[in-house]
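Have a look at the structure below, then the notes.
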Protein chains: 2
Amino acid sequence: MKNKLDNLWINEAPKKGSFRSVFKYGDPNGFKHPNERLISELIDKFKLTDKDFSEKETTGNEIVDISVESKLSVQQIEQFEEICGVENISSKEYDRLKFSTGKTTEESMKLRKGVVSLISDLVVHPRNKTEITEIVKYCNQQKIPLYVYGGGSSVNFGFYPEKGGVTLVLSTHLNKVVKFNELNQTVVVEAGMMGPDFENALNNAPGIYGAKHKFTCGHFPQSFEYSTVGGWFITLGSGQQSSYYGDAGDLVLGVEMISPSGNIITKDYPATATGPKVLDIIKGSEGIYGIVVELTWKIYKHMPENRERFSFIFPNWESAVEASREISQGEFGMPAVFRISDPEETHHGLKLYGIEDTIFDKIMSFRGFKPMERCLFLGTSDGDKTFTKNIKSRVSKICKKYGAMNLTSFPLKKWEPGRYRDPYLREDLMDYGIIIDTLETGVNWDNLHQIHKKVRAFVKSRPDTICMTHASHFYEQGTNLYFIFIIKESDVDAYRKFQEGIIDSIQKSGGSLSHHHGVGRMISKWMPEHLGENQMNVLRALKNHFDPNNIMNPGNQLLTEN
Amino acid sequence: MKNKLDNLWINEAPKKGSFRSVFKYGDPNGFKHPNERLISELIDKFKLTDKDFSEKETTGNEIVDISVESKLSVQQIEQFEEICGVENISSKEYDRLKFSTGKTTEESMKLRKGVVSLISDLVVHPRNKTEITEIVKYCNQQKIPLYVYGGGSSVNFGFYPEKGGVTLVLSTHLNKVVKFNELNQTVVVEAGMMGPDFENALNNAPGIYGAKHKFTCGHFPQSFEYSTVGGWFITLGSGQQSSYYGDAGDLVLGVEMISPSGNIITKDYPATATGPKVLDIIKGSEGIYGIVVELTWKIYKHMPENRERFSFIFPNWESAVEASREISQGEFGMPAVFRISDPEETHHGLKLYGIEDTIFDKIMSFRGFKPMERCLFLGTSDGDKTFTKNIKSRVSKICKKYGAMNLTSFPLKKWEPGRYRDPYLREDLMDYGIIIDTLETGVNWDNLHQIHKKVRAFVKSRPDTICMTHASHFYEQGTNLYFIFIIKESDVDAYRKFQEGIIDSIQKSGGSLSHHHGVGRMISKWMPEHLGENQMNVLRALKNHFDPNNIMNPGNQLLTEN
């Protein structure tokens, strides 16, 4: 069976120059194939037969062979060549498509069929912030739309050069730590640095910077390996250890931003009472005000030797939520990884993390933790050794109080190595017309259950749908809900309608429109109702101030019209 | 001697209707007289003789007898009467003066001499937010300047109705908790609620709201007893336990603000990624955008039984700072009260807290902790019992490592009861032409010493000046420096010049213009150089959006012109 399954999946890197090479997530040679257990669930759920697996629906392995004229004049292109050097400019269609594509399901669905919705007019790899200043100035003068490509991992059309123009790729050259400050525990980092490069530099601070300690950036989103530091910040991202380290917005003390209305450099005081903070105004602006080129990032000591790992199984969702609330409000410090799965996610998680059929599984069943009721809790603690041990001990006591059973660190150790790999599942499944996608929301304790129930009810109202939910970013006042759904669907419009229905039910049930994915073009039309017109007008006034000609990521977040 | 000293001070409430009743801090019957040790220091420092104490220079106990015509028309005043009721309006000169006066030294100096710089045209005590909405609308239409009086404790002319108009007093009617949410650990509180009322309500939550726990607001600035919740937030204040609970800006999850451009109600999600947060934009706006009428405030469990208290004496300032940095970056949780005094403040502190001539003093001296070198550290920890005990233990180890000697909880217990009382010293001293005042700044670890040295050098360049400094709000990346200076000066212009010199030296040495006092009119002229014109333009654009007719606290923060 295992061998049989393996034959189902593509195991080679996408063909050079193919559509698949554009939309495939992450490492071209990286794969995480669905395992036997997941596939057998899907076969049951979608009533699949061998026929469904006899042939791939789409692969997108066809070569990109399109001809789209650039809307830029020769003179304009020459200007960019002059600023950045010929070798840092590309007007080739393949490059323009590659650097026009994010990671939404919709984009993948279309490109698999060779449908190109849009491409930018020019790809530019600026070498430094001086060049970016010149580019912004020139584009503003010429009214050329300007889009910034970080790691390209947006799942909500936050990056989507709908008006053509220029795509700036920051990761090519702006990818270094430019200042390391051990005393302040901060680094100044260029916005285009990728997650692993950043973390490696900090982990190796003694060797690289002559530091006394090793450090960590504290921010580990699922997209960690294929996203940039600037992207984390500008979209208000959250990492998998955010309950301890804070969200990306909390981890940044200062930025340098280049905008049509001038350059902004905010100071990096840990606190200051000099009026509203322009840094805060830039947080979450998703590139519509300007281009963040450098960030002052808070760093923490890297002490993996102090990390504690723990996991529990709860009799039901209500008890898992109550225990999580008591932990979050317990005032003994927060776990780093802190994650509870609802019954349906637990059901799949126990399979994925290899708990099924182990001794744990038997004891769980013997002790009455029932499938599709029981809920998995995963946690770690970071920090000083006395602190991490105390968290483990306090968490254990609270979990026991709510009827949970200790599953030791075993599930955690199964979860950790694959934590950045789940996005790789997507292409395998979509090869057979199956979609795995996510939407998420920020919630308070007093509306968590209502939102969970209502959104799940909507998702489940579509026949044959898997809907797994977890909460994984905790605060004293609430948490997030992260919905993962798997459906069989090959029609883009039908899929979009389903997705809009979910966003709608998040909105109507009282959740935030996004906890950490940001707004993008996928969410923006719900924004006026969500925030109210008066708040939208504040954001519009800021947009108008920073970017009066609407050249910066036009169309994103605010539904601005050119 | 003690009796002799006591005769020096005014021991009765200010005369009814007097200038002193306008400018005296806090409770009319509240006093904290300088003790013998402080006075003997001052006598030495300022070379005072009995003659200097033979007569008070000024007391301001004269009755306010001024006649200033209101610039509002009868019709306009009638409109306010109609909105709020005749009983909530006053056009009496005394009331207009009282509710036009903050707590700067300059205002006190002038009023002592009967010099009235300005008074507002009308005092209005709105009963609810509907009335405030009507008032804002009417004032916007009629272009009547609108100033909000919270507790009146501003020390930087943040509240200063320089253009006359209407002063709204929020504490008269908008002073209640309107929603208590134990599940979320939040309350919705009206902006005019005073500190002690707020804290008492939370401490007594089981009785008042049927809560399971007692709660605390976590915010205890020195002005706690005479400042409002709204004022804490809008000026970006910090409490004496901020290292654990966070600054006022961190403690607020949502606000309702009434502005000329419409009303804003932000949602209270613990986290959301729906673009830049209008809540953040309002933080620190000091009333120039609109009137914050309600706040969603994060509350914490009130567990005084878990509080640990500790104090240490360090051989010098450098070691106290280094230990504090190691604690702040230690990742075992933060102390609540966390305060180090420089040698000169320690010198006075040991006297004030009654350490002088105790067994501690003898041991300190025996062990080589020298006066004017040694530095005092005060700390407490709040939270879960395991957490507070661990902090005490980790702090003790770090302090020992840096050569400190444990002074037990004794100095802490001496400091705590008087923590809100120091402002009362001011009037006693000023009766004899002696000024005690403060300025403060936010610093990073890598510029702390430079700023401390340069600002102290400037203060000390004035002959016969006491300059005490402490750091009392700690973060991983730095702290604040709080300068307390005592000088003999009766001339307002000379004093202002001195004060401006200090602000200038804070700016030039690299400190933030304010860590938690805010901007006001005292600091605003340094803002463009501090933030840069491009950041100022962002703040101006926001001002223009919220308040195009510049009726909201005109003149504050941005140097806006009408």
Checklist outcome for this item: For B:Asp431, A:Asp197, ascending order of other Cβ atoms within 10 Å (fewest first) is A:Asp197, B:Asp431
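Report Rg/Rh for segment A:412-562, rounded to two decimals, where Rg is the Cα radius of gyration and Rh the Kirkwood radius.
On the way: Rg = 17.4 Å, Rh = 17.2 Å.
In segment A:412-562, Rg relative to Rh is 1.01.
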Checklist entry - Name the residues of segment A:337-368 whose amide N is less than 18 Å from a point 7 angstrom out from the Cα of A:Asp52 along the C-beta direction? => result A:348
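Could you state the orientation-averaged shadow area of the convex hull built on the Cα atoms of the protein assembly as shown, in nm² to one decimal? Show your work: numbers first, answer last.
Values: hull surface 180.7 nm².
Seen from a random direction, the Cα hull of the protein assembly as shown projects 45.2 nm² on average.
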Item to check | Amide H contacts under 5 Å for A:Tyr149, placed H, 5+ residues apart | outcome: A:Leu168, A:Val169, A:Leu170
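Assuming R0 = 51 Å, can you tell me the calculated FRET efficiency for the pair A:Lys45 and B:Lys397, based on Cβ-Cβ distance, to the nearest 0.05? Please report the intermediate quantities before stating the final value.
Numbers: r = 56 Å, r/R0 = 1.11.
It comes to 0.35.
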Checklist entry - Modelled label-to-label distance, A:Lys176 and B:Asn534, 7 Å Cα→beta-carbon offset: nm? => result 2.2 nm
Next on the checklist: Taking only the Cα atoms of segment A:177-301, how large is their convex hull per residue, in Å³?
Outcome noted: 98 Å³
Checklist entry - Once phi is turned into θ = phi - 60°, what whole-Hz ³J(HN,Hα) does the Karplus curve with 6.51, -1.76 and 1.60 give for every residue of segment B:226-242, x standing for Gly and Pro? => result 10, 9, 10, 4, x, x, 3, 6, 6, 9, 6, x, 10, x, 6, 10, 5
Checklist outcome for this item: Net charge (Lys, Arg +1; Asp, Glu -1) of residues whose beta-carbon lies under 14 Å from that of A:Ile83, A:Ile83 excluded, is -3
Item to check | Table column - 3J(HN,Hα) (Hz), segment A:134-139, Karplus curve with 6.51, -1.76, 1.60, x for Gly and Pro | outcome: 5, 4, 4, 4, 5, 5
Item to check | Cα coordinate range in segment A:1-106, projected on the principal axes (Å, largest first) | outcome: 59, 22, 20
Item to check | Charge tally in the Cβ shell below 11 Å around B:Glu331, where Lys, Arg are +1 and Asp, Glu are -1, B:Glu331 excluded | outcome: -1
Item to check | Label point 7 Å beyond Cα along the C-beta direction, distances from A:Gly17 to other copies (nm, shortest first) | outcome: 9.7
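What are the semi-axes of the equivalent ellipsoid of chain B, taken as the square roots of 5 times the eigenvalues of the Cα gyration tensor, listed largest first and rounded to whole Å?
Numbers: eigenvalues 279, 178, 100 Å².
The equivalent ellipsoid of chain B has semi-axes of 37, 30, 22 Å.
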Item to check | Where rotation carries A onto B, the chain A residue whose Cβ is nearest that axis, in whole Å | outcome: A:Asp280, 2
Checklist entry - Local charge sum around A:Lys301 (other residues, Cβ-Cβ under 13 Å, Lys/Arg +1, Asp/Glu -1)? => result -1
Checklist entry - Along segment B:47-64, what does the Karplus equation 6.51 cos²θ - 1.76 cosθ + 1.60 (θ = phi - 60°) give for ³J(HN,Hα), rounded to whole Hz, x for Gly and Pro? => result 6, 7, 10, 4, 4, 4, 9, 6, 8, 6, 5, 8, 10, x, 7, 7, 6, 5
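What FRET efficiency do you get for B:Lys413 and B:Lys92 if R0 is 56 Å and r is their Cβ-Cβ distance, rounded to the nearest 0.05? Intermediate values should be presented prior to the final figure.
On the way: r = 45 Å, r/R0 = 0.80.
Using R0 = 56 Å, I get an efficiency of 0.80.
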Next on the checklist: Under the 0.36 nm per residue contour assumption, what length would be gained going from the current alpha-carbon distance of B:Asn128 and B:Lys525 to full extension?
Outcome noted: 139.4 nm
Checklist outcome for this item: Amide H proximity to A:Glu294 below 5 Å, modelled H, separation 5+ or other chain, gives A:Ala191, A:Glu256
Checklist entry - Under a 5 Å amide H to amide H cut-off, with H placed in plane at 1.01 Å, what residues pair with B:Val64 once short-range neighbours are removed? => result B:Ser18, B:Phe19
Checklist outcome for this item: For chain A the mean separation of alpha carbon contacts under 8 Å (6+ apart) over residue count, i.e. relative contact order in percent, is 16 percent
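What is the percent of Cα-Cα separations in segment A:81-157 that go past 18 Å? Please list the in-between numbers first.
Values: 1359 of 2926 pairs.
Everything past 18 Å amounts to 46 percent.
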Item to check | Geometric extent, Cα atoms of segment A:304-418 - Rg, Dmax (angstrom) | outcome: 13.3, 37
Checklist entry - Nearest 0.05, what FRET efficiency do B:Lys15 and B:Val115 give at R0 = 25 Å with Cβ-Cβ as r? => result 0.90
Checklist entry - Which three extents, in whole angstrom, do the alpha-carbon atoms of segment B:447-535 cover along their principal axes, largest first? => result 37, 28, 19
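Bear in mind these aren't lab numbers, they're just calculated from the coordinates by the rules spelled out. Just so we're clear, the structure is a prediction, and the values are computed from it rather than from any experiment. All Cβ positions, even for glycine, are placed from backbone atoms using ideal geometry, and neighbour counts span all protein chains on display.
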